[in-house]
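The structure appears below as structure tokens.
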Amino acid sequence: MVRKKEPCLYFFSPFLVFLSLKGFLTLNLKKQNLNSSFFFSCNYFFFINYNKKNTKKQGLITFLKNSLKGINFFFVQKLVLIGIGFRCWTIFSKNNKFLVIKTSLSKDVLIYIPYEIDIFCLGNTTLMIRGLKKENIYLFTSKIKKIKKFNIYKQKGIFCENESIKLKTGKKV
């Protein structure tokens, strides 16, 4: 069986399945309470009898857009560890992946990496988190950022790469 290079969409009674070379995503349509029907052609969704005022359908549209984006291109988030002694590395056991983060805490923090997410340690202090679902990546990055709260005065801690935080001034004599 030869798989196509472009993403495919399959519809099984309650489920909508996105499939590509990078992975697959499923959407349960029973949970969405759709009153309109739709069809898919050339990476475009066409809705029939669609009411724009319904917010649940707006959520469905953004979910479908993000699903197509995630299947075509991975969602990526970069984290930077800033501080003396801040380090990160990954450990692979039989079927599990773990991320080890060393901060100024007394023990190293060990985090289980779910199978939907890939983590690459680009250096001792930089992480690249990649996955198909945007929400999984942002939940995982927030979980990592909660390990060590950043210091506003010294600008040390765990930051996103494009995140800018104002540095507070200390007491003036």
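Bear in mind that the values in this text are calculations on the coordinates, not laboratory data. Quick caveat: nothing in here was measured; it's all calculated off a predicted structure. Heads up, the Cβs are rebuilt from the backbone with ideal geometry, glycines too, and the neighbour counts pull from every protein chain shown.
For the range 95-151, the square roots of the Cα gyration tensor eigenvalues, ordered a ≥ b ≥ c, give a/c of at least 1.5 with a/b greater than b/c, which places it in the prolate category. Spacing of the modelled spin labels on I91 and T126, each 7 Å from Cα toward Cβ, amounts to 2.6 nm.
The residues neighbouring D108, those whose beta-carbon lies less than 15 Å from its own, together hold a net charge of +4 under the Lys/Arg +1, Asp/Glu -1 convention.
Report the gain in length on full extension from I165 to F150: 0.36 nm times residue separation, minus Cα-Cα distance, nm rounded to one decimal. Length gained between I165 and F150: 4.4 nm.
For D118, what is the net charge nearby, where nearby means another residue's Cβ is under 11 Å from its Cβ and Lys, Arg count +1, Asp, Glu -1? Before the final figure, lay out the partial values.
Numbers: positive: K22, K97, R130; negative: E116.
For residues surrounding D118, the net value is +2.
Think of the range 75-160 as having a plus end and a minus end, set by charges on the Cβ of Lys, Arg, Asp and Glu; of I152, P114, Y138, I152 sits farthest toward the positive end of this dipole.
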